[in-house]
Amino acid sequence: MTLGLRGDELERLRVAVAARLGLHFDDTKLDDLDAVAAKRLGALRHVPAGVWLGRVEAGDPEELAFLAERLTVGETYFFRNGNDLRAFAEVVVPARLAARDGERRLRFLSAGCSSGEEPYTLAMLLQDAPGLAGWDVSVRGVDVNPAALERARAGRYGEWSLRQTSAEARARFFEGTDREFTVRPAVRAMVSFDQRNLVAEDPALWTPGAYDAIFCRNVTMYFAPEVSRRVVDRIAASLAPGGFLFLGHAETLRGVSGRFHLRHSHDTFYYQLRGAGEDAVSGAVAPRRAPAAAPPLAAAPADPGWPEAIRAASARVAAITGGASAPGHSATPPPPGGPLQLAAALDLARQERYADALALLAARPLEAETDPDALLLRAVVLASSGDPAGAEAACARVLALDELSAEAHYVMALCREHARDAEGARNQDHYALYLDPTFALPRLHLGLMAQRAGEREKARGELSRALALLAGEDASRVLLLGGGFSRDALAELCRAELRAAGGEP
Ligand SMILES: C[S@@+](CC[C@H](N)C(=O)[O-])C[C@H]1O[C@@H](n2cnc3c(N)ncnc32)[C@H](O)[C@@H]1O
């Protein structure tokens, strides 16, 4: 329902807010945008909507500040996501200390700092970091919302902001009563605040190589993908080589940037800028999808683990669904060379003609492959042909080309399980899920592994999430990676395993 603007005016506002603030409003949120416009036009009284829109489009600072205050989400608190903070204290700070030993100077940025809890938290951790005595260390907090920054500069907080702050940290870093907590001067002296728009050209903010680590958590999730890409490019340019980037849990660099290594420690994921001599990789361009032309993959040879589970479940699923679990397909091998040959190899593997599949593959030396999609196909054929070591090598090549390939991590998980490395398999599934939380197959894999380990509650959790995700799973990914099962058969497998784990599908 339109309150303040006509449809075409609302569209102008949506475009201007995306261009000026990076904020993306989809159709379901247009009413919020309209309500904010109505409020502003009401306060401005005689300014016509068209004139006001012109000001917003031109980037009038007063109007952008008003919109930033009303349209951004400022939710934050001290010591948010302790795993990130432990990784910061135990991995990032020591690494940067070693890297900056000559200068004895460290710079950190909290980009989208809201009311300041995040940069103050970093300063508190830095106060406790060993080896920093005598170093020049500072944290800069920037945000587009001037009202939030005013609260940040005041440094006074209520109980809600300290909901994850230990009694010890409260005593050390805050003073005041039990209703209002003020950050102690020693911490405040390390932190500065600036009103900055991450979306605007701003050479003074993005000085090349300036920062040792940047926290940009829970900010890019509100941006359109192309805006995220631009902001992350600036972040990359302003980090020192080997500098670190932390994003929020719902944010990844998959399809956004290939300039970072993905790091995993302390049960969390973060990024490290590639070194000066390392090239960016292809993950910059777009999230990788399994090649659409791939034919269904065979159920794998009998072996413990996932392939076995799939095979063993096959008869049950066939009985439940009243038919064959995998769609029928027959192929005649095409002439050697080209992606069709890989597709044909997959099809041969599906028919359990592994020797033929491998013979086709042998015509294409692995080293010659530079296409992550072709390599992923090869990995899948090798895995289903009973060559997990070869599959793992192919996955490693995919990941060298595109470190953020969720699919390669998933196939790697299957290989690790085949090698009886359950921990490694789970780890790889978690990489895949971090990179693409909508990916159903690693969830299903984790569920089946938990089931086999007798962890019924965990199995129920993973299987029900897999079931929910399967409905929206990418069709080509089901074809390539679904172990020869159709989407429906995989869903039925999930339900059957859920029931076996004592759950309600
Ligand atoms: C949810 S808060 C995140 C706070 C903190 N980083 C955390 O994770 O706890 C998001 C912040 O991003 C800021 N923001 C949104 N768009 C921005 C932009 N274009 N430039 C600078 N800050 C922006 C918002 O004003 C808001 O304060």
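Overall shape of the chain was characterised from the C-alpha gyration tensor. The equivalent ellipsoid obtained from it has semi-axes of 46, 28, 23 Å, in decreasing order.
Rank G54, A65, G131 by how far each Cα sits towards the positive end of the charge dipole of segment 45-136 (+1 on Lys, Arg Cβ; -1 on Asp, Glu Cβ) and give me just the farthest. The residue sitting most towards the positive pole is G131. So what is the relative contact order of the chain, in percent, for Cα pairs below 8 Å that sit 6 or more residues apart? Computed value for the chain: 11 percent relative contact order.
Rounded to two decimals, the Cα-based Rg/Rh of segment 7-71, with Kirkwood Rh, is 0.91.
Taking θ as phi - 60° and the Karplus parameters 6.51, -1.76 and 1.60, the scalar couplings of segment 91-100 work out to 10, 5, 4, x, 5, 6, 4, 5, 5, 9 Hz in sequence order, x denoting glycine and proline. Measuring between their Cα centroids, segment 1-68 and segment 435-481 lie 42 Å from each other.
Given the rule -39500 (n - 2.57) for each run of at least 4 DSSP H residues, summed and divided by the residues of the chain, what is its mean residue ellipticity at 222 nm, to the nearest 500 deg cm²/dmol?
My calculation for the chain gives -15000 deg cm²/dmol from helical runs alone.
Close amide H contacts of N197 (hydrogens built in the peptide plane, cut-off under 5 Å, sequence separation of 5 or more or a different chain): none are found. Evaluated with a Cβ-only charge set (Lys, Arg +1; Asp, Glu -1), segment 382-505 carries a dipole of roughly 320 debye about its Cα centre, given to the nearest 20. Taking every protein chain into account, the accessible area of the chain amounts to 42 square angstrom per residue (probe 1.4 Å). Size estimate for segment 218-260 follows the Kirkwood approach: the inverse of mean 1/r over distinct Cα pairs works out to 10.7 Å. Residues whose amide H lies under 5 Å from that of R184, counting only those 5 or more places away or on a different chain, are F174, E175; hydrogens are built 1.01 Å from N in the peptide plane.
The dipole here belongs to the chain: it is taken about the Cα centre, uses +1 on the Cβ of Lys and Arg and -1 on the Cβ of Asp and Glu, and is about 620 debye.
Annotation: amide H of V137 within the under-5 Å range of L106, sequence separation 5 or more or interchain, hydrogens built in the peptide plane. Most tightly packed first, judged by the mean number of other beta-carbon atoms within 10 Å of their residues, the peptides 56-63, 349-356 read 349-356, 56-63.
For the chain, the fraction of 1.4 Å probe accessible surface lying on carbon and sulfur atoms is 53 percent. Gyration tensor analysis over the Cα atoms of segment 363-496 returns equivalent ellipsoid semi-axes of 25, 16, 13 Å (largest first, whole Å). Nearest-5 percent of antiparallel DSSP beta bridges in segment 82-284? If I count the DSSP bridges inside segment 82-284, around 40 percent turn out antiparallel. Computed over segment 82-284, the P(r) tail beyond 22 angstrom holds 48 percent of alpha carbon pairs.
The values are calculated or read from the model by the stated rules, or taken from the named source; none is laboratory data. Note that this is a predicted model, so its numbers are computed, not measured. Heads up, the Cβs are rebuilt from the backbone with ideal geometry, glycines too, and the neighbour counts pull from every protein chain shown. Accessible surface is based on the protein model in full, side chains and every heavy atom, while ligands, DNA and RNA are left aside. Shrake-Rupley method; radii C 1.70, N 1.55, O 1.52, S 1.80 Å.
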